[in-house]
Amino acid sequence: MKEEDVNRCQIQEWYPKFKPVSIRTVIHELPESFVEYLVDDSGPFLLPLSISGEDALPNRIHNPIDEEDYQVSEGPGDESEQPPLPPSFPELELNIKESINTLGGAVFPKLNWSAPKDSAWISTSGTLRCTSFSEIALLLRSSDSLVHDLCHAYDSCIDKTLSRPPSFFLALRKWYSSFLPEMEFRCFVRGQQLAGISQREVTTFYPTLLEKKNDLELLIKEFFTENVRQKFESENYTFDVYVTKDGRAKILDFNPWGAFTLPLLFTWEELEQNLKEVENLVDFRIVESQCGIRPGLKTAVPQDYLDTGPGSGWDQFLRKADRELQQQKMAPGNGA
């Protein structure tokens, strides 16, 4: 891929063009001081000082004794080292607060390319739902996946000249409590041809998708032809789409072909082979049984917190799950 392909997938680039067929979003350009705050890991973990007095973790217990850990005595007559002061971004906070109100009081955040999905575990709700600047800052500052956006977005480009984009943006997207994960799909476009469609959430079997598969395929194919194909300039890319209860498709995201984009129920080789073998045939894949579920640790805690070494509880659990899966596949009536 080229840098221009990666750049087109930034939300501040594609959203204005696809706003009528996407979800409500307000985009803010981030000051460089806030970007530096996100990438700085040289000191203690500090949340910005809120001018509104908002707290991302309101139920935490404040223990003054813990603050003594930050004071280092250097001997008689020397003053103790003072803990660093938390940063403050008053203008950004006020702008974000206004946008949250505009979007109905709750949003989920996203940088140029990525959302901090890996840090949802730390929020009070266990999701990306945010109602304040402090909650947004907590998710962004806690996320490891956003390091990609901040430092490695162009690493897979054959014409790489940039180490990071000139500016970073924060997209605040309206939070919909009625969002159904089974109705989100990833679409793969190769040579401006729709090559495949995959269920986005592949760790769960949704029986309702079996009933709706043909209708969903037709709807998504028509949506691509009418709303995406002639408007998105790249030859190869993916886009995520959500199908509403009333049968409308909404674009959620664009991503480059290959590299850091997950192929989900496909492999990249399969997608390229599909186009070579049968032109204009779209392969639509969903999880069609419990046996088809792709493994995933849905624990709501970081991978680093899990002991998955030999003999650990998770190791035994995964081995048992693998044995049961193999037994199900070998049982009469499965694939025979």
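Points worth noting:
- Residue, surrounded by the fewest Cβ atoms within 10 Å (Cβ to Cβ), within segment 17-45, restricted to residues that are part of a helix (DSSP H, G or I) and touching a strand residue (DSSP E or B) at 6+ places or on another chain (Cβ under 9 Å): LYS19
- Selection status of SER123, at pLDDT below 95 and within 21 Å of PHE89 (Cα to Cα): yes
- Within segment 235-280, the set of residues being within 18 Å of SER114 (Cβ to Cβ) and either part of a loop (DSSP other than H, G, I, E, B) or in the same structural domain as HIS152 (by TED's automatic domain parsing) (or both) comprises TRP257, GLY258, ALA259, PHE260, THR261, LEU262, PRO263, LEU264.
- Against the conditions (1) crowded, with 20+ Cβ neighbours inside 10 Å; (2) over 27 Å from LYS174 (Cα atoms), LEU210 satisfies every one except (1).
- Considering residues of segment 231-249 that are of a type in the set (Ser, Thr, Tyr) and within 20 Å of LEU180 (Cα to Cα) only, the residue surrounded by the fewest Cβ atoms within 10 Å (Cβ to Cβ): THR244
- When the strands (runs of 3 or more DSSP E) confined to segment 135-221 are screened for residues that are modelled with pLDDT under 95 and either among the hydrophobic types (A, V, I, L, M, F, W, C) or within 19 Å of the chain's Cα centre (by Cα) (or both), those reaching at least 1 such residues are found at 193-199.
- For the criterion of being modelled with pLDDT of 80 or more, within 18 Å of ILE96 (Cα to Cα) and of a type in the set (Gly, Ala, Ser), SER52 passes.
The values are calculated or read from the model by the stated rules, or taken from the named source; none is laboratory data. Quick caveat: nothing in here was measured; it's all calculated off a predicted structure. Positions of Cβ are generated from backbone atoms using ideal geometry, with glycine treated the same way; all protein chains shown enter the neighbour counts.
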